[in-house]
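Below is one structure, written out as C-alpha coordinates, with a few remarks after it.
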Amino acid sequence: MTWHPDWAGVLTGQPLQWIITGFLTTLYVSIIASLFATLLVVVLLALRLSASRIGHGAVAAFVSVFRNTPLLVQLLFWYFAAYGALPQSWRFYIGDDHPWATLPGNVSWLTPEFLCATWGLALFTAAFLVEEVQAGLNSVPKGQREAAISQGFSRWTLLRSILLPQALTNAWQPITGQYLNLMKLSSLATGIGFSELTYQVSRIESYNAHAFEGFAVGTLLYLLLGLVLGGLMSLLGPKRPQRRLAATAQPDSKEDAKDGI
(Lines give C-alpha, C1' and ligand atoms only; values in the text may rest on other atoms or scores of the structure.)
Protein backbone atom coordinates (compact mmCIF):
# COMPACT_ATOMS: atom_id res chain seq x y z
CA MET A 1 0.00 0.00 0.00
CA THR A 2 1.48 3.36 -1.03
CA TRP A 3 1.04 6.47 1.09
CA HIS A 4 -1.06 9.00 -0.80
CA PRO A 5 0.52 12.46 -0.58
CA ASP A 6 -2.84 14.11 0.17
CA TRP A 7 -3.09 12.15 3.44
CA ALA A 8 0.06 13.78 4.74
CA GLY A 9 -1.68 17.14 4.82
CA VAL A 10 -4.52 16.08 7.10
CA LEU A 11 -2.18 14.37 9.53
CA THR A 12 -0.17 17.49 10.28
CA GLY A 13 -0.81 20.82 11.92
CA GLN A 14 -4.18 22.16 13.02
CA PRO A 15 -6.37 19.55 11.23
CA LEU A 16 -4.64 16.75 13.12
CA GLN A 17 -5.27 18.56 16.40
CA TRP A 18 -8.98 18.89 15.59
CA ILE A 19 -9.27 15.21 14.70
CA ILE A 20 -7.48 14.01 17.83
CA THR A 21 -9.49 16.38 20.04
CA GLY A 22 -12.78 15.16 18.57
CA PHE A 23 -11.77 11.52 18.97
CA LEU A 24 -10.62 12.02 22.57
CA THR A 25 -13.83 13.90 23.36
CA THR A 26 -15.81 10.87 22.18
CA LEU A 27 -13.65 8.59 24.32
CA TYR A 28 -13.83 10.70 27.49
CA VAL A 29 -17.55 11.39 27.22
CA SER A 30 -18.17 7.66 26.67
CA ILE A 31 -16.12 6.59 29.69
CA ILE A 32 -17.42 9.20 32.14
CA ALA A 33 -21.05 8.85 31.01
CA SER A 34 -20.78 5.04 31.27
CA LEU A 35 -19.46 5.24 34.84
CA PHE A 36 -22.17 7.70 35.84
CA ALA A 37 -24.87 5.61 34.16
CA THR A 38 -23.65 2.52 36.06
CA LEU A 39 -23.91 4.37 39.38
CA LEU A 40 -27.42 5.50 38.46
CA VAL A 41 -28.42 1.93 37.65
CA VAL A 42 -27.25 0.77 41.08
CA VAL A 43 -29.37 3.46 42.76
CA LEU A 44 -32.39 2.73 40.55
CA LEU A 45 -32.17 -1.02 41.21
CA ALA A 46 -31.95 -0.40 44.96
CA LEU A 47 -35.12 1.68 44.78
CA ARG A 48 -36.92 -0.83 42.56
CA LEU A 49 -36.02 -3.80 44.77
CA SER A 50 -36.99 -1.99 47.95
CA ALA A 51 -40.39 -2.30 49.55
CA SER A 52 -41.13 1.40 49.09
CA ARG A 53 -43.94 2.30 46.72
CA ILE A 54 -42.44 5.77 46.38
CA GLY A 55 -39.17 4.21 45.22
CA HIS A 56 -40.99 2.02 42.69
CA GLY A 57 -42.91 5.01 41.38
CA ALA A 58 -39.76 7.13 41.10
CA VAL A 59 -37.98 4.46 39.05
CA ALA A 60 -41.01 3.96 36.81
CA ALA A 61 -41.26 7.70 36.19
CA PHE A 62 -37.52 7.97 35.50
CA VAL A 63 -37.56 5.14 32.97
CA SER A 64 -40.70 6.43 31.27
CA VAL A 65 -39.40 9.98 30.87
CA PHE A 66 -35.85 9.25 29.72
CA ARG A 67 -36.66 6.28 27.50
CA ASN A 68 -39.57 7.90 25.69
CA THR A 69 -38.04 11.33 25.13
CA PRO A 70 -35.73 11.62 22.09
CA LEU A 71 -32.11 12.04 23.08
CA LEU A 72 -31.68 15.17 20.99
CA VAL A 73 -34.54 16.83 22.86
CA GLN A 74 -32.94 15.88 26.17
CA LEU A 75 -29.53 17.23 25.17
CA LEU A 76 -31.05 20.48 23.95
CA PHE A 77 -32.95 20.80 27.23
CA TRP A 78 -29.85 20.29 29.39
CA TYR A 79 -27.72 22.61 27.27
CA PHE A 80 -30.12 25.48 26.65
CA ALA A 81 -32.71 25.31 29.45
CA ALA A 82 -31.09 23.63 32.46
CA TYR A 83 -27.63 25.12 31.96
CA GLY A 84 -29.10 28.54 31.24
CA ALA A 85 -31.03 28.36 34.51
CA LEU A 86 -27.84 28.07 36.55
CA PRO A 87 -26.67 31.15 38.47
CA GLN A 88 -24.60 33.47 36.32
CA SER A 89 -21.58 33.12 38.61
CA TRP A 90 -21.65 29.33 38.07
CA ARG A 91 -21.78 29.72 34.31
CA PHE A 92 -18.91 32.19 34.33
CA TYR A 93 -16.86 29.78 36.44
CA ILE A 94 -17.56 26.88 34.09
CA GLY A 95 -16.71 29.02 31.08
CA ASP A 96 -13.31 30.06 32.47
CA ASP A 97 -10.11 28.19 31.74
CA HIS A 98 -8.98 25.90 34.58
CA PRO A 99 -5.69 23.97 34.23
CA TRP A 100 -6.93 21.28 36.64
CA ALA A 101 -9.98 20.62 34.43
CA THR A 102 -7.95 19.62 31.36
CA LEU A 103 -7.78 15.94 30.44
CA PRO A 104 -4.88 14.35 28.52
CA GLY A 105 -4.99 15.49 24.91
CA ASN A 106 -5.97 19.06 25.85
CA VAL A 107 -9.66 18.22 26.30
CA SER A 108 -11.43 20.25 28.97
CA TRP A 109 -14.23 18.52 30.84
CA LEU A 110 -15.43 21.68 32.61
CA THR A 111 -17.34 23.09 29.66
CA PRO A 112 -21.09 23.36 29.07
CA GLU A 113 -20.90 21.03 26.05
CA PHE A 114 -18.95 18.30 27.83
CA LEU A 115 -20.98 18.44 31.05
CA CYS A 116 -24.37 18.51 29.33
CA ALA A 117 -23.43 15.73 26.91
CA THR A 118 -22.11 13.49 29.70
CA TRP A 119 -25.08 14.15 31.98
CA GLY A 120 -27.68 13.69 29.25
CA LEU A 121 -26.12 10.50 27.86
CA ALA A 122 -25.80 8.99 31.34
CA LEU A 123 -29.46 9.57 32.20
CA PHE A 124 -30.62 8.31 28.81
CA THR A 125 -28.49 5.15 28.98
CA ALA A 126 -29.35 4.40 32.63
CA ALA A 127 -33.05 4.26 31.74
CA PHE A 128 -32.32 1.46 29.26
CA LEU A 129 -29.72 -0.34 31.38
CA VAL A 130 -31.96 -0.71 34.41
CA GLU A 131 -34.58 -2.42 32.23
CA GLU A 132 -31.98 -4.79 30.77
CA VAL A 133 -30.78 -5.78 34.25
CA GLN A 134 -34.39 -6.19 35.39
CA ALA A 135 -35.04 -8.50 32.45
CA GLY A 136 -32.02 -10.55 33.53
CA LEU A 137 -33.37 -10.75 37.07
CA ASN A 138 -36.75 -11.89 35.79
CA SER A 139 -35.07 -14.69 33.80
CA VAL A 140 -33.68 -16.35 36.95
CA PRO A 141 -35.81 -19.44 37.72
CA LYS A 142 -38.21 -18.92 40.60
CA GLY A 143 -37.15 -22.21 42.13
CA GLN A 144 -33.63 -20.91 42.77
CA ARG A 145 -35.01 -18.02 44.77
CA GLU A 146 -37.25 -20.27 46.83
CA ALA A 147 -34.41 -22.71 47.48
CA ALA A 148 -32.09 -19.93 48.61
CA ILE A 149 -34.72 -18.46 50.92
CA SER A 150 -35.43 -21.89 52.42
CA GLN A 151 -31.71 -22.23 53.19
CA GLY A 152 -31.74 -19.00 55.18
CA PHE A 153 -30.34 -16.55 52.61
CA SER A 154 -31.11 -12.95 53.45
CA ARG A 155 -32.62 -10.75 50.78
CA TRP A 156 -29.33 -8.91 50.23
CA THR A 157 -27.29 -12.14 50.10
CA LEU A 158 -29.80 -13.64 47.67
CA LEU A 159 -29.48 -10.62 45.39
CA ARG A 160 -25.69 -10.35 45.61
CA SER A 161 -24.76 -14.03 45.38
CA ILE A 162 -27.45 -15.54 43.15
CA LEU A 163 -29.80 -13.14 41.41
CA LEU A 164 -27.47 -10.37 40.27
CA PRO A 165 -24.64 -12.61 38.92
CA GLN A 166 -27.12 -14.68 36.91
CA ALA A 167 -28.99 -11.58 35.76
CA LEU A 168 -25.78 -10.03 34.44
CA THR A 169 -24.83 -13.30 32.73
CA ASN A 170 -28.22 -13.60 31.03
CA ALA A 171 -28.42 -9.96 29.98
CA TRP A 172 -24.75 -9.18 29.28
CA GLN A 173 -25.14 -8.95 25.50
CA PRO A 174 -27.94 -6.34 25.58
CA ILE A 175 -26.12 -4.50 28.39
CA THR A 176 -22.99 -4.39 26.22
CA GLY A 177 -25.13 -3.09 23.37
CA GLN A 178 -26.35 -0.22 25.54
CA TYR A 179 -22.82 0.84 26.48
CA LEU A 180 -21.72 0.69 22.86
CA ASN A 181 -24.79 2.68 21.88
CA LEU A 182 -23.74 5.34 24.37
CA MET A 183 -20.36 5.50 22.65
CA LYS A 184 -22.05 5.85 19.25
CA LEU A 185 -24.26 8.66 20.52
CA SER A 186 -21.32 10.49 22.09
CA SER A 187 -19.63 10.44 18.69
CA LEU A 188 -22.04 13.20 17.68
CA ALA A 189 -19.51 15.55 19.24
CA THR A 190 -16.84 14.09 16.95
CA GLY A 191 -19.07 14.53 13.93
CA ILE A 192 -19.66 18.15 14.81
CA GLY A 193 -15.91 18.62 15.09
CA PHE A 194 -15.37 17.14 11.62
CA SER A 195 -18.10 19.36 10.18
CA GLU A 196 -16.31 22.32 11.67
CA LEU A 197 -13.11 21.08 10.04
CA THR A 198 -14.85 20.95 6.66
CA TYR A 199 -16.18 24.47 7.12
CA GLN A 200 -12.81 25.87 8.11
CA VAL A 201 -11.05 24.14 5.22
CA SER A 202 -13.53 25.54 2.72
CA ARG A 203 -13.05 29.04 4.09
CA ILE A 204 -9.29 29.21 4.39
CA GLU A 205 -8.71 27.02 1.30
CA SER A 206 -5.75 25.40 2.97
CA TYR A 207 -3.43 23.39 0.75
CA ASN A 208 -2.32 21.08 3.54
CA ALA A 209 -5.74 20.15 4.96
CA HIS A 210 -8.33 18.03 3.15
CA ALA A 211 -11.76 17.56 4.67
CA PHE A 212 -12.46 14.19 3.05
CA GLU A 213 -9.28 12.71 4.48
CA GLY A 214 -10.21 14.20 7.85
CA PHE A 215 -13.55 12.41 7.83
CA ALA A 216 -11.87 9.18 6.71
CA VAL A 217 -9.29 9.28 9.51
CA GLY A 218 -11.95 10.13 12.08
CA THR A 219 -14.18 7.31 10.88
CA LEU A 220 -11.36 4.80 11.18
CA LEU A 221 -10.61 5.99 14.72
CA TYR A 222 -14.30 5.76 15.61
CA LEU A 223 -14.62 2.21 14.25
CA LEU A 224 -11.45 1.18 16.06
CA LEU A 225 -12.82 2.59 19.32
CA GLY A 226 -16.04 0.60 18.88
CA LEU A 227 -14.12 -2.62 18.28
CA VAL A 228 -11.87 -2.06 21.29
CA LEU A 229 -14.74 -1.22 23.65
CA GLY A 230 -16.82 -4.14 22.38
CA GLY A 231 -13.90 -6.52 22.88
CA LEU A 232 -13.28 -5.22 26.41
CA MET A 233 -16.95 -5.61 27.34
CA SER A 234 -16.95 -9.20 26.06
CA LEU A 235 -13.69 -9.97 27.84
CA LEU A 236 -14.75 -8.48 31.16
CA GLY A 237 -18.29 -9.86 31.07
CA PRO A 238 -19.47 -12.84 33.13
CA LYS A 239 -18.85 -16.23 31.58
CA ARG A 240 -21.50 -18.90 31.28
CA PRO A 241 -20.53 -22.20 32.90
CA GLN A 242 -19.32 -24.81 30.45
CA ARG A 243 -21.42 -27.97 30.50
CA ARG A 244 -19.61 -31.20 29.80
CA LEU A 245 -21.76 -33.53 27.77
CA ALA A 246 -21.21 -37.25 28.07
CA ALA A 247 -21.86 -37.68 24.36
CA THR A 248 -18.80 -35.60 23.51
CA ALA A 249 -16.44 -37.39 25.88
CA GLN A 250 -13.52 -39.12 24.14
CA PRO A 251 -12.07 -42.51 25.22
CA ASP A 252 -8.98 -42.14 27.37
CA SER A 253 -7.11 -44.94 25.66
CA LYS A 254 -7.32 -47.53 22.92
CA GLU A 255 -8.09 -50.22 25.53
CA ASP A 256 -11.07 -48.19 26.79
CA ALA A 257 -12.30 -47.80 23.24
CA LYS A 258 -12.10 -51.54 22.66
CA ASP A 259 -13.93 -52.29 25.88
CA GLY A 260 -16.63 -49.78 25.03
CA ILE A 261 -15.85 -47.57 28.00
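The values are calculated or read from the model by the stated rules, or taken from the named source; none is laboratory data. This is a predicted model, so every value here is computed, not measured. Here the Cβ is made from the backbone with ideal geometry for all residues, glycine too, and neighbour counts use every protein chain on show.
Looking at this structure, is residue 149 more than 25 Å from the chain's Cα centre (by Cα), surrounded by 13 or more Cβ atoms within 10 Å (Cβ to Cβ) and hydrophobic (A, V, I, L, M, F, W, C)?
So residue 149 fails the test.
Kindly indicate whether residue 140 is touching a helix residue (DSSP H, G or I) at 6+ places or on another chain (Cβ under 6 Å) and not in a helix (DSSP H, G or I).
Values: touching a helix residue (DSSP H, G or I) at 6+ places or on another chain (Cβ under 6 Å): yes; not in a helix (DSSP H, G or I): yes.
Criteria met by residue 140.
Yes/no per residue for (1) surrounded by 11 or more Cβ atoms within 10 Å (Cβ to Cβ); (2) among the acidic types (Asp, Glu); (3) under 18 Å from residue 117 (Cα atoms):
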position	(1), (2), (3)
71	yes, no, yes
80	yes, no, yes
85	no, no, yes
88	no, no, no
96	no, yes, no
99	no, no, no
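Answer yes or no as to whether residue 20 is modelled with pLDDT under 80, surrounded by 14 or more Cβ atoms within 10 Å (Cβ to Cβ) and out of contact with any helix residue (DSSP H, G or I) (no Cβ under 8 Å at 6 or more places or on another chain).
The answer is yes for residue 20.
Give segment 107-124 a look and list any residue that's among the β-branched types (Val, Ile, Thr) and under 17 Å from the mean Cα position of the chain (by Cα), or say none.
Hit for segment 107-124 is 118, nothing else.
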